Amino acid sequence: MKLNSFKIKRSLVAGAFIALFSISLVSCGGGGGSTSGSDSASAGGSDDNTLVGAGSSFDAPLFSKQFSEYDKANKQKINYQSVGSGAGISQLTAKTVEFGASDAPMNSKQDSAVTSPVVHIPVTEGAVVLSYNLPDVKDTLMLTPAVLADIFLGKITKWNDPKIAAANKGVKLPATSIVIAHRSDGSGTSNIFTTYLAKVSDEWMTKVGKGSSVNWPIGLGGKGNEGVAGLIKQTPGAIGYIELAYAVQNNMAFAKMQNKAGNFITPSIASVTAAANIQIPADTKVSLTNTDAADGYPISSFSWVIIYKEQKYGDRTLDRATRLVKLLSWMIHDGQQYSSALTYAPLSPAAVTAGDAVLKSVTFDGKPILQ
């Protein structure tokens, strides 16, 4: 399905803010974009007013808009380095930044590396879609979890396979061979997609598993969303997984997916938000893949900001800690108004409530920062 209603493309908006707010490159964890800030600011706390964060590149365009708007209203600079989720967590662990941003919650190995407890605050939601190249098929394809797993396991090799046809009655499917396109680099997108397949297919879990990088049973590898999208566009019969925003930006066809409730769901901002209308645990470390929400798109995910629960460390001050927590509170409330235009899904009410509870648990010298 092609969504032409999103008139503001994320990549163009990100570029506009890079130009407008003089986003500079910083040499940190391999380098990355830095928004609204001074490179001299530190996590421990200095005379500089700038708050410092690093991590998810997926979040960077949204953060650029949010941080610029927050600075306009509150005179608060934020230096965010778009260096990837893993690097952001590493910098938070080393306490060289005040907050990390990640498309996956910290795992047990990462948890064991920090010197004191951290908390996760969901800040936005995204989705992975199945894009395909079948120019003669005008109807939007519908895929079931079992069929999707069999395609990526190499068990279904033709588009007119009876299993695909069963979910697409009345659609004339070609006998074209299926060509799989997947990521060749480690990525949060792959982690979301393979986590979903591992949940819906025991065979996938046993033979392939889940993670940011796996041994794919079949297919061609492309670097980044752009690499996978290029393979799909160039190869008749191809199917691959890319971020919803990227598919929308590039006007690419993508499938409806059957969710746990049995409904075929079009990936959209609304259905991604709906995926998080579930019971969210107190620590918010929950996967939205294969959601229980009847109207939720099943290959969805949170992205989180991660901070230390006890904010008195190093030479940090109460004022600095308070400014950080107030920023995060604004991001999950007023800051959500900037999501849809950039093709991000606003947080669900359940996610906002969970985020509020987490922020209220953050302390300075043992006392809650937010009253």
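The values are calculated or read from the model by the stated rules, or taken from the named source; none is laboratory data. The structure displayed is predicted, hence computed values, not measured ones. When we count neighbours, we look across all protein chains shown, and the Cβ atoms used for this are built from the backbone with ideal geometry, even at glycine.
Does residue 181 satisfy the condition of being closer than 19 Å to residue 229 by Cβ, touching a Phe, Trp or Tyr at 6+ places or on another chain (Cβ under 9 Å) and outside any helix (DSSP H, G or I)? Break it down into steps so the answer makes sense when it comes.
On the way: closer than 19 Å to residue 229 by Cβ: yes; touching a Phe, Trp or Tyr at 6+ places or on another chain (Cβ under 9 Å): yes; outside any helix (DSSP H, G or I): yes.
Taking the combined requirement at face value, the residue satisfies it.
Test each condition in (1) in a loop (DSSP other than H, G, I, E, B); (2) small (Gly, Ala, Ser); (3) more than 30 Å from residue 180 (Cβ to Cβ); (4) out of contact with any Phe, Trp or Tyr (no Cβ under 7 Å at 6 or more places or on another chain) for residue 73 and report the one that comes out false.
All conditions pass for residue 73, except number (1).
For residue 363, which of the numbered conditions (1) surrounded by fewer than 19 Cβ atoms within 10 Å (Cβ to Cβ); (2) assigned by TED's automatic domain parsing to the domain that holds residue 98; (3) touching a Phe, Trp or Tyr at 6+ places or on another chain (Cβ under 8 Å) fails to hold?
(3)
Looking at the range 107-116, is at least one residue surrounded by 22 or more Cβ atoms within 10 Å (Cβ to Cβ) and under 20 Å from the mean Cα position of the chain (by Cα)? Lay out the reasoning, then the answer.
If we filter the range 107-116 for residues that are surrounded by 22 or more Cβ atoms within 10 Å (Cβ to Cβ), which is where we start, we get none.
No - not one qualifying residue is present in the range 107-116.
Scan the range 87-101 and report the pairs whose first residue is of a type in the set (Ser, Thr, Tyr) and whose second residue is assigned to a loop (DSSP other than H, G, I, E, B), with Cβ atoms within less than 6 Å and a gap of 6+ or a chain change.
93/114; 96/43
Are any residues in the range 76-116 in a loop (DSSP other than H, G, I, E, B) and under 26 Å from residue 289 (Cα atoms), and if so, which ones?
Our first condition is that a residue be in a loop (DSSP other than H, G, I, E, B); within the range 76-116, this holds for 76-77, 83-84, 94-98, 103-107, 114-116.
Passing the criteria: 83, 84, 103, 104, 105, 106, 107.
Of everything in the range 153-167 that's of a type outside the set (Ser, Thr, Tyr) and assigned to a loop (DSSP other than H, G, I, E, B), which residue is nearest to the chain's Cα centre (by Cα)?
Top of the filtered list is 153.
Considering only residues that are in contact with a helix residue (DSSP H, G or I) (Cβ under 8 Å, 6 or more places away or on another chain) and either aromatic (Phe, Trp, Tyr) or without any contact (Cβ under 8 Å) to a residue 60 or more places away in the chain (or both), which ones fall in the range 282-301?
First, pick out the residues of the range 282-301 that are in contact with a helix residue (DSSP H, G or I) (Cβ under 8 Å, 6 or more places away or on another chain): 282-284, 287-291, 293, 295-301.
Within the range 282-301, 291, 293, 295, 296, 297 meet the criteria.
Going by what's in this entry, would residue 145 be described as surrounded by fewer than 17 Cβ atoms within 10 Å (Cβ to Cβ) and of a type outside the set (S, T, N, Q)?
Working: surrounded by fewer than 17 Cβ atoms within 10 Å (Cβ to Cβ): no; of a type outside the set (S, T, N, Q): yes.
Taking the combined requirement at face value, the residue does not satisfy it.
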